[in-house]
Each structure stands twice: as structure tokens, then as C-alpha cells.
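What follows is a single structure, written as C-alpha cells, with notes after it.
The values are calculated or read from the model by the stated rules, or taken from the named source; none is laboratory data. These numbers were taken from a predicted model, which means no experiment stands behind them. Glycine gets a Cβ as well: all are built from the backbone with ideal geometry, and neighbour counts include every protein chain shown. What goes into the accessible areas is simple: the full protein's heavy atoms, side chains included, and nothing from ligands, DNA or RNA. Shrake-Rupley method; radii C 1.70, N 1.55, O 1.52, S 1.80 Å.
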Amino acid sequence: MTPPSIPLTRQRNSRAQAALLFVALTAGIATGLAIYSSASAFIDLMRTATAVLFLPLLLALVLAFLLDPPVTVLERRCGRSGAIFVVYLLVAAGVFLFFNWLIPHWQNAWTSLQADLPRYTARLTVYLRELLDRMQAEFPFIDTHDLLGRARSLGEELVSGVIISTPKSALRIGGLMLMVPLFTFFFLRDGGRILRGCISLAPNRTFEMVHDLTNLITAQLAHFIRGRIIEATIVGLVIYIGLSFTDIRYTGFLAVFAGITNLIPYIGPLVGMVPGVLVALVDLGVGGQFWWIIITYFVVAQVIVDNFILIPILISRYSNLHPLWVIIAIVLGGKLYGVLGMIIGVPIASTVKIVLSEIRQYRRSFSLVDGNIDLDS
Amino acid sequence: MNILWGNIFRKKLEEESLAFFLGAVPVFAELGKRSRIQLETLVHVRTYKANETIFETGDPGSGMYVIRSGAVQVFERSPAGTEREVARLGPKDFFGESTLVVPAKRTASARTLEPTVLVGLFRADITDLAKRRPGAAYRILLCIAKIVSERLHVADYELLRLRQKHPEYFEDFRS
């Protein structure tokens with residue numbers, strides 16, 4: 001009687017299979033969880049380890065891109081390493097002279113700024129309260145208390161933060177001063193070799209294309225980074241000169257701040273204006289000088305110098321980002337790396353865009369999209 | 001001396017170096033020693049298995065290859081899929097030089113016939129060298145220009161000969 005025994009074995013089989021499946025699934029899930037947790041622990045470890053290196057590496061990369069043209073010109077005469085030493089010597093001399101001139105001014109400005117900052121933030125709170133009062137008069141349903149308190153605590157936080165973190169940031173800047181020139185030196189000297197090493201990992205079939213594309217992308221990136229830095233420097237200088245015509249204090253700080261925020265398109269210039277306008281309002285009040293400062297920030301620096309002169313010359317259309325992407329990049333960058341992330345988020349997004357459009361351009365110019373060409377036609 | 005120590009202190013033989021090989025290749029025979037060492041830092045050495053595709057017709061071309069060891073077959077592929085061998089190349093031969101200066105699609109396909117080592121020289125590296133060491137780049141490019149114009153000359157001559165032999169085939173091209 002074989003037929004009845006078949007379901008029995010089948011049943012046993014299926015039970016064994018179910019048990020096996022259960023064991024396999026459990027083991028799989030356990031392994032997955034273990035890998036996930038160890039991987040996330042590993043990633044956390046890597047993040048804390050690389051957090052210190054992130055800023056110096058980034059700065060060194062930007063500096064290497066900036067210093068590459070003079071090094072390349074000098075290389076014809078005295079070799080790569082010699083050229084780098086000469087450029088370093090020149091840059092060091094320039095930095096030394098600059099600081100020699102800056103430090104006495106800086107110390108005065110810094111001490112008075114530490115005294116003045118609470119005044120400015122207090123004034124900001126007053127302005128905000130006036131604004132809120134007016135708004136409440138027009139729209140009575142808005143609850144104002146919370147907002148005002150937050151603004152005040154934010155201002156106090158800023159002031160205490162600046163005063164406390166000065167020695168700490170001095171230490172960090174010391175570390176940067178040591179690491180950045182070292183990294184820059186090696187990027188300048190061996191950058192080409194490092195890139196070649198990376199390219200040589202590509203498989204034979206795609207090697208040629210990867211090599212060609214990498215060089216095109218590097219050239220575009222170098223152009224973009226140099227363009228952005230030069231643009232920010234010139235805008236900062238223009239604002240410095242424009243503000244020097246008025247009696248406003250802290251011209252240097254304001255110009256540096258405006259130059260750095262100018263790295264962020266659309267939103268940066270507006271943020272860069274805020275401290276200048278605030279200082280002008282508190283110290284000078286609304287008058288001729290105030291309007292001249294506004295005109296310097298807006299019309300001269302932004303519209304005339306930046307939009308009509310610098311951007312058409314320095315920045316290629318490749319790196320133009322849609323405003324939506326700019327906002328997303330700022331928010332994501334801020335979430336990941338705070339204020340630094342907000343500043344570098346947009347340049348990194350532009351970098352990604354440059355890479356993608358260069359690849360698209362390459363594919364189009366060789367019509368790789370349609371596949372092979374027909375030689376007989 | 002102990003074999004182990006002998007190996008450590010043995011210098012790399014000059015005949016084994018890439019610069020020496022490049023000097024032995026007819027294209028670069030006229031280069032001086034310094035330019036040859038420059039060239040050595042410029043090229044990419046790639047190792048291929050037997051029967052591996054190097055490039056296909058229509059691929060974006062960006063440089064030339066010199067065969068260091070092994071054998072390479074250059075062939076054309078018809079739309080029907082049949083292959084016609086154009087050339088069979090051995091050590092010190094080179095191919096693909098027409099795309100070195102101007103970006104263009106490959107007009108033929110190439111594959112290895114046996115395990116092969118190729119030395120690739122690409123446009124991006126030459127333009128980079130032209131910025132850093134214009135003299136060296138000029139000498140290397142002159143060598144390549146000589147070979148390319150020689151080949152162009154031969155092709156011109158062949159075309160002329162064919163035109164005289166079969167004038168009827170060339171009627172269409174004149175318009």
C-alpha cells in the first residue's frame with residue numbers, strides 16, 4: 001500500500017522544509033541585523049574618525065585647485081616640487097605680511113566687537129518686538145511670545161558662543177594651519193598620480209572612456225572652483241571698498257562675511273547683508289549712509305559686479321543650479337554638517353551637476369546613446 | 001653572494017624598463033633619453049587576456065596603443081556581422097593613432113589574440129604635458145605627426161593609383 005504513505009512523507013518533507021526555512025530565515029535576519037548593527041557602528045566610527053579630517057581635506061583640495069595654475073607655469077623652469085616650494089614661499093610671505101598688517105587692527109576690532117555684539121543682538125530683539133507688535137495689531141490671532149523669547153535666547157547663545165569658543169577655535173585654526181598646507185602640498189605634487197592610480201582600476205574595456213571623462217570633469221571642476229573663489233573674493237573686496245566710504249565699523253568682518261556667504265547662490269547674498277544692515281541701523285540709523293550701504297550690497301556688489309561682470313566671465317553655464325536644488329542642498333548640508341554644511345552644500349551639489357552634465361555631453365558628442373555607427377552608410 | 005641579497009640589491013635592468021622599450025619602438029626612436037623618461041610617466045600599461053576586446057567600431061577614441069608583448073588583430077565588422085581582418089600586429093607595432101589629437105570614433109575594432117600587454121598614450125595626458133612641459137610634448141607630438149603624415153601620404157598615393165586604374169569608380173565622388 002504505497003499511495004497513503006506518499007502524503008505522509010510529503011507532510012514530513014514539508015515540515016522539514018518549513019523548519020529549514022524557519023532556521024534559514026532566522027539565521028538570515030540575525031545575520032542581517034548583526035551586519036547592519038556592526039556596519040552602522042563601523043560607519044559611526046569612520047564618521048568620528050574622519051570628522052576631524054573633513055574640513056582640512058576639503059580646504060586642501062580647494063587650495064590645490066587654486067594653486068595649480070601658478071605651479072604649472074613655474075614647473076617649466078624648476079620641476080614640480082621646486083615650483084610648489086616657490087609658490088608656497090610666495091604665499092607664506094603674502095600671508096605673513098597680511099597678518100602683520102591685520103593683527104593690530106584685528107585685536108582692536110575683536111575686543112570692541114565682543115563688547116558690541118550684545119548691543120546689536122539686543123537691538124535686533126527690539127526690532128523684532130516692534131515688528132511683532134505691529135503684526136499683532138494687524139493680525140491679532142498670531143501668538144507672539146514664543147517667537148520673541150526664542151530670538152532673544154538665540155542672540156544670547158550667539159554672544160556667549162562667540163566669547164567662549166574663541167580659544168577653542170584658535171586651537172582648531174592652529175591644527176588647520178598645520179594640516180592644510182601639508183595636504184595641499186601632497187595634492188599638488190601627487191594629485192595627478194593619485195588620479196592615475198584610481199583610473200587604472202577601471203576594467204580594460206571602459207578604461208579609455210573613464211580616463212578621457214575624468215580629465216574633462218577635472219578640468220570643469222577646476223574651472224568652477226577657481227571661478228567661485230575668485231568671484232567671492234572680488235565681491236568681498238567690492239563690498240569692503242563700498243563700505244569704506246561710510247562711517248560703518250567692522251568693514252573687514254562684514255566684507256569677509258559677505259564674501260563667504262556669496263559662495264551660496266540666491267540665498268547667500270541676502271544672508272551676507274544681514275549683519276551689515278543691522279550694524280548700520282544700530283550705529284548710523286536710517287539716513288543717507290544707510291541707503292548707500294544698502295546700494296553697495298545690492299546694486300553695486302550683487303547686480304553690477306556679480307551678475308553682469310563676474311558670473312558671465314567666471315562661471316560656466318554647467319554649474320547653474322535650479323533654485324530648488326540650491327535650497328535642498330542648503331538644508332541637507334546644514335542637517336549633516338551645520339553651518340559649514342550650509343556653505344559647502346551648494347558647491348558640492350554643483351559638483352555633482354558638473355559631473356553628470358559632462359558625462360551627458362560626452363555621450364551625446366559620440367552619440368553613444370544610439371549605439372554603434374554604420375560605416376557603410 | 002646569497003641569492004636573496006643579490007635580488008634585493010640588483011638594479012632594474014635598463015632593457016626591462018618601459019623607457020627603454022619606448023625608445024625601441026620606431027615611432028619614438030628619435031626621442032632623447034629625457035623625453036623618453038617623460039613619456040614613461042605619461043603612458044598607461046594595460047594587461048589583456050587572450051581574445052579580449054580592446055575597442056569596437058564606434059567607440060569614442062582618445063589615444064593610441066603600442067604593443068609591448070602579445071598579438072593584436074584589427075578588423076572591420078560589416079552590418080551583417082561578418083568580420084574582415086585589416087591587420088595583425090605584434091610587439092612594437094602601434095594602432096589607433098588617428099584619434100590621438102582630435103576626438104573621433106574608432107573606425108575599426110581591435111582584439112587581442114593572446115595574452116597581451118599594451119602601452120596606451122592618450123590625448124588628455126599629452127595636453128596635460130603640453131601645459132607643464134611644452135618642449136617634451138612638442139617632441140613627442142612631432143614623432144607622432146611624422147608617422148601620421150607618412151601614413152596619410154601612403155593612403156593618398158594609393159588613392160591616386162586606384163583612381164588612375166579605375167576612373168569609373170571615382171565619378172560619384174567628384175560631385
> In the stretch B:104-122, which residue that is more than 10 Å from every other protein chain (Cβ to nearest Cβ) and of a type in the set (D, E, K, R) is nearest to A:H211 (Cα to Cα)?
Replying inline: B:R111
>> Being surrounded by 12 or more Cβ atoms within 10 Å (Cβ to Cβ), touching a helix residue (DSSP H, G or I) at 6+ places or on another chain (Cβ under 9 Å) and closer than 17 Å to B:K131 by Cβ narrows it down to one residue among A:L74, A:L53, A:L58, A:L63; which is it?
In response: A:L74
> So which residues in the stretch A:227-241 are out of contact with any Phe, Trp or Tyr (no Cβ under 8 Å at 6 or more places or on another chain), within 18 Å of A:W292 (Cα to Cα) and buried (at least 17 other Cβ atoms within 10 Å of the Cβ)?
Replying inline: A:V235, A:G236, A:V238, A:Y240
>> For the condition crowded, with 18+ Cβ neighbours inside 10 Å and in a helix (DSSP H, G or I), what is the one hit in B:A145, B:A124, B:A110, B:A155?
In response: B:A124
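Okay, residues lined up against (1) of a type in the set (G, A, S); (2) in a loop (DSSP other than H, G, I, E, B); (3) at pLDDT below 85; (4) over 30 Å from A:V91 (Cα atoms):
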site	(1), (2), (3), (4)
A:Q136	no, no, yes, yes
A:F141	no, yes, yes, yes
A:E157	no, no, yes, yes
A:G175	yes, no, yes, no
A:F183	no, no, no, no
A:D190	no, no, no, no
A:T206	no, no, no, yes
A:V210	no, no, no, yes
> crowded, with 17+ Cβ neighbours inside 10 Å and either at pLDDT 85 or above or part of a helix (DSSP H, G or I) (or both) - does that describe any residue in the stretch A:358-367?
Replying inline: yes
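Matching residues to (1) open to solvent by 40 Å² or more (accessible area, probe 1.4 Å); (2) closer than 30 Å to A:L356 by Cβ; (3) assigned by TED's automatic domain parsing to the domain that holds A:E358:
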| site | (1), (2), (3) |
| --- | --- |
| A:P265 | no, yes, yes |
| A:G272 | no, yes, yes |
| A:L284 | yes, no, yes |
| A:W291 | yes, no, yes |
| A:F298 | yes, no, yes |
| A:N307 | yes, yes, yes |
| A:W325 | yes, yes, yes |
> Restricting attention to the stretch A:252-270, and to residues there that are at pLDDT below 85 and in a helix (DSSP H, G or I), which single residue is farthest from A:L324 (Cα to Cα)?
Replying inline: A:G252
> Hey, among the residues in the stretch B:43-59 that are in a loop (DSSP other than H, G, I, E, B) and either over 26 Å from B:S17 (Cα atoms) or basic (K, R) (or both), which one's nearest to the other protein chains (Cβ to nearest Cβ)?
Replying inline: B:G58
>> If I go through the stretch A:327-357 residue by residue, how many of them are open to solvent by 30 Å² or more (accessible area, probe 1.4 Å) and hydroxyl-bearing (S, T, Y)?
In response: 2
>> If B:G135 satisfies all but one of (1) open to solvent by less than 80 Å² (accessible area, probe 1.4 Å); (2) away from chain A (no Cβ under 11 Å); (3) out of contact with any strand residue (DSSP E or B) (no Cβ under 6 Å at 6 or more places or on another chain), what's the number of the condition it fails?
In response: (2)
> Under the condition of being within 10 Å of the chain's Cα centre (by Cα) and more than 14 Å from every other protein chain (Cβ to nearest Cβ), which residue from the stretch B:72-96 is nearest to B:V25 (Cα to Cα)?
Replying inline: B:K92
> What residue, among those in the stretch B:138-156 that are more than 24 Å from A:G191 (Cβ to Cβ) and either among the acidic types (D, E) or in contact with a strand residue (DSSP E or B) (Cβ under 9 Å, 6 or more places away or on another chain) (or both), is farthest from the other protein chains (Cβ to nearest Cβ)?
Replying inline: B:E150
> Among the residues of the stretch B:31-42, which ones are over 10 Å from B:L18 (Cα atoms) and either open to solvent by 80 Å² or more (accessible area, probe 1.4 Å) or touching a helix residue (DSSP H, G or I) at 6+ places or on another chain (Cβ under 7 Å) (or both)?
Replying inline: B:L31, B:K33, B:R34, B:S35, B:Q38, B:L42
